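Read the structure below first, then the notes.
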Amino acid sequence: MKKILFSTLIMASIFIGGCGKEKEETPISAKSNVRKELIVAQDGEPKSLDIHNGNDGFSLRINKQLYSRLVESDGNMKIHPGLAESWKSIDDRTTQFKLRKGVKFHNGEELKAEDVKYSFERMMNSPRISFVLPPIEKVEIIDDYTINIVTKTPFGPLMSHLSHPALGIVNKKLLETDPESFKNNPIGTGPYKFSNWQAGDRVILVRNEGYFQEPPKFEKLIFRNIVEATSRTIALETGEVDIAVSINAVDEGTIKNNPKLALLRKPSISYSYVGMNTEKEMFKDSRVRKAINYAIDKQAIVDVVLNGSGKIANSPIAPGVFGFTDKTKNYEYSLKKAKELMKEAGYENGFKSNIYTLGGEADKQTAEIIQANLKEIGIDLAINITENSAYWDLTDKGVHDMFLGSWGCVTGDADYGLFALYHSSAKGGAGNRTFYFDPEIDDLLEKAKNETDQEKRKNLYENVQIKIVEDAPEVMLYNRILAVGAQKDIEGFDVHPVTLHDFYPVYIKE
C-alpha cells in the first residue's frame with residue numbers, strides 16, 4: 001500500500017461511523033470450540049473506509065476485506081483472477097478483461113462493466129490514490145461483462161498495479177445517488193461487509209453470505225486498535241485476540257515459547273532508509289552523502305532496534321520485488337573513509353543538521369544511533385520527532401535536512417518501488433522526499449515503465465539501482481523480517497510481505 005510509507009502513506013479524511021459499543025469480547029479460552037469471530041489486533045486506526053480515499057496500511061488491511069479488485073495478489077505477490085475471470089492483450093496499450101457474471105455488491109446490486117469504468121474514473125480524481133493507477137487513457141465498455149483498459153503508453157507493470165488493494169471497484173448507482181454514502185456505510189463486493197466503526201477502538205465486519213467465492217468461515221471479522229506492541233502481545237497471550245500484527249522483535253520470543261501461540265515470520269519487501277535532502281547545500285555534494293553512508297553502523301541498528309529481525313539493505317528495493325538486483329552492495333561501516341570524504345568535501349569540522357522522524361520507539365532508537373554515529377565525523381544532528389501530519393507536511397515541502405523513512409513496494413514491482421522515490425516528477429509529496437534528480441535516472445525509469453518485455457525491464461531496473469547506490473541520495477538501512485502472532489489453532493493465514501494481510505482464507509483448525 002510513498003517512499004515513506006512509511007508503514008503507510010497518504011493521509012485520508014477521518015471516517016467516523018457506527019453505533020454504540022458492543023459487549024467486550026470473551027477471552028478465547030472461555031469460548032466454545034466453534035468460534036464465530038476472528039479478532040485481529042493492529043497497531044493503528046484506519047483513516048477512511050472509502051477505498052479510494054484511504055491509502056494508509058491500517059485502512060488498506062480493512063478495505064481489502066470489503067472490496068474486490070479486477071485482479072488480486074497473494075502473500076507471494078502472484079497475480080490471480082479477481083472480479084475479472086480472464087484477460088488478454090489486444091495490443092501493446094490495450095488489455096481486455098472479462099468480468100465474472102452474477103457478482104453482487106453488498107447492497108444487492110449486480111456488478112457490471114459500468115461500475116468498473118466509473119470506479120477507475122473515480123480513482124483518477126482521487127488525490128490519495130491516483131498515483132497508484134497505471135497511465136490510463138480510457139476504459140472502454142464492450143458489453144456488460146467486458147471492458148478494455150487502454151493506457152497512454154505501453155505499461156509493463158499493468159497487472160501488478162491493478163492488484164493494489166486501493167484499486168477496489170465500487171457501485172456506480174449508489175455513489176451517483178448518494179455520493180456521501182461511504183461515510184456511514186462503505187459498500188463493496190468483498191468477502192466481508194461493514195457493520196460498524198467504534199472510533200478509537202474497533203471496526204466490525206460481518207460475513208458476506210453472497211460473496212462470489214465461498215463465503216468466509218467467520219460470522220464476524222473484528223479489527224481492534226491496539227497501538228502498543230507489547231499490549232498486542234499480551235492480548236494474544238490472554239486470548240483476547242486471534243491474530244496480532246506488527247509484533248515487536250523483543251516480543252517474538254514470548255510468542256514462540258508459548259505452546260498456545262504461533263509465531264509467523266516472512267521477509268518483507270519494504271525498505272527502510274535515511275533520506276538526505278539533496279537540495280540542501282551540504283547534501284548536493286555526493287562525497288558528504290557517501291561519508292554519512294560510511295559513518296552509520298547499519299548492523300548496530302538491525303541488532304539493537306530490530307533485535308536481529310532484519311537484514312542490511314543492499315538496494316533501494318528489497319529482494320522479492322520484481323527487478324531487484326544482487327549486483328549492488330551497501331556501504332561498509334568505516335569512520336576512516338567517512339572522515340576522509342568529509343575532509344575532501346571541505347567539511348573536516350562537520351556541520352549542524354537535523355533528522356525528522358515519527359514518534360515510534362523503533363524510529364527514536366534508530367535516530368539516536370544515527371545521531372551518535374554522525375557525531376564521530378563532526379555532524380551535530382538534532383532529532384525532530386513529529387506527529388504524523390506534521391511529518392508528512394514538512395517532508396513534502398523539503399523543510400528537513402534528513403529524515404527516517406520506509407517504503408513498502410505494495411505491487412511487488414520495481415516501478416512502484418523506484419519511480420515515486422527517484423523520478424524528478426515525484427519530488428515532495430509524491431514520494432521523492434530526497435528531492436533527488438538525475439536525468440539519466442529519469443530516462444531509465446521512463447523506459448522501464450513503458451517496456452513490456454520483462455527481461456528488458458529487469459536490465460533497466462538493474463542499471464537504475466546501480467546508479468542510485470553510487471549517487472547515495474540516502475542511507476540504505478534494512479529490510480526487516482515481519483512477524484505476526486496467532487493462536488495455535490489458526491490456519492490459512494499467510495503473512496503479506498507489505499503487511500496488507502488477507503484474512504478471508506483464515507479458518508480454525510479442528
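The values are calculated or read from the model by the stated rules, or taken from the named source; none is laboratory data. Just so it is clear, the model here is predicted, and its values are computed rather than measured. In this analysis, Cβ positions are derived from the backbone assuming ideal geometry, glycine residues included, and neighbour counts consider all displayed protein chains.
Of note:
- Residue that is surrounded by fewer than 16 Cβ atoms within 10 Å (Cβ to Cβ), in contact with a Leu (Cβ under 8 Å, 6 or more places away or on another chain) and at pLDDT 90 or above, where the choices are E344, E376: E376
- Flag if K117 is in contact with a strand residue (DSSP E or B) (Cβ under 8 Å, 6 or more places away or on another chain), farther than 18 Å from H52 by Cβ and among the basic types (K, R): no
- Segments classed as strands (runs of 3 or more DSSP E), wholly inside the range 48-117, with at least 1 members that are over 21 Å from the mean Cα position of the chain (by Cα) and of a type in the set (V, I, T): 84-91, 94-99
- Among the conditions (1) closer than 27 Å to T230 by Cβ; (2) basic (K, R); (3) surrounded by fewer than 21 Cβ atoms within 10 Å (Cβ to Cβ), the only one that K298 does not satisfy is (3).
- Some residue of the range 217-227 being in a loop (DSSP other than H, G, I, E, B), β-branched (V, I, T) and in contact with a strand residue (DSSP E or B) (Cβ under 7 Å, 6 or more places away or on another chain): yes
- When P134, P154, P127 are checked against the criterion of being farther than 22 Å from N208 by Cα, assigned to a loop (DSSP other than H, G, I, E, B), touching a Lys or Arg at 6+ places or on another chain (Cβ under 8 Å) and not aromatic (F, W, Y), a single residue qualifies: P154.
- With respect to the stated conditions, V139 fails to be assigned to a helix (DSSP H, G or I), in the same structural domain as G168 (by TED's automatic domain parsing) and of a type in the set (A, V, I, L, M).
- Residues of the range 104-146 classified as under 18 Å from H164 (Cβ atoms) and of a type in the set (S, T, N, Q), total: 4
- Close pairs (6 angstrom Cβ cut-off, 6 or more residues apart or separate chains): over 20 Å from P215 (Cβ atoms) in the range 54-70, assigned to a helix (DSSP H, G or I) anywhere: L70/L162
- Any chance I222 is modelled with pLDDT of 95 or more and either hydroxyl-bearing (S, T, Y) or out of contact with any helix residue (DSSP H, G or I) (no Cβ under 9 Å at 6 or more places or on another chain) (or both): yes
- Lone unmet requirement of (1) touching a Lys or Arg at 6+ places or on another chain (Cβ under 9 Å); (2) within 16 Å of I468 (Cα to Cα); (3) at pLDDT 95 or above for H400: (2)
One line per residue, one yes/no per condition, for (1) surrounded by 23 or more Cβ atoms within 10 Å (Cβ to Cβ); (2) part of a helix (DSSP H, G or I); (3) not assigned by TED's automatic domain parsing to the domain that holds N388:
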position	(1), (2), (3)
T411	yes, no, no
G429	no, no, no
D442	no, yes, no
K447	no, yes, no
T452	no, no, no
E462	no, yes, no
K467	no, yes, no
M476	yes, no, no
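- Residues within the range 178-197 that are at pLDDT 95 or above and either in a loop (DSSP other than H, G, I, E, B) or not basic (K, R) (or both), tallied: 11
- Restricting D144, D178 to residues that are within 16 Å of L83 (Cβ to Cβ) and either surrounded by fewer than 17 Cβ atoms within 10 Å (Cβ to Cβ) or β-branched (V, I, T) (or both) narrows the list to D144.
- Any pair with Cβ under 7 angstrom, 6 or more apart, that starts in the range 314-343 at a residue that is closer than 25 Å to N463 by Cβ and ends at one that is charged (D, E, K, R) and surrounded by fewer than 19 Cβ atoms within 10 Å (Cβ to Cβ): N314/K329; G323/K458; L341/R287
- Residues located in the range 87-132, provided they are among the hydrophobic types (A, V, I, L, M, F, W, C), surrounded by fewer than 18 Cβ atoms within 10 Å (Cβ to Cβ) and within 30 Å of G408 (Cβ to Cβ): M124
- For the range 148-191, residues that are closer than 16 Å to D92 by Cα and over 23 Å from the mean Cα position of the chain (by Cα) total 7.
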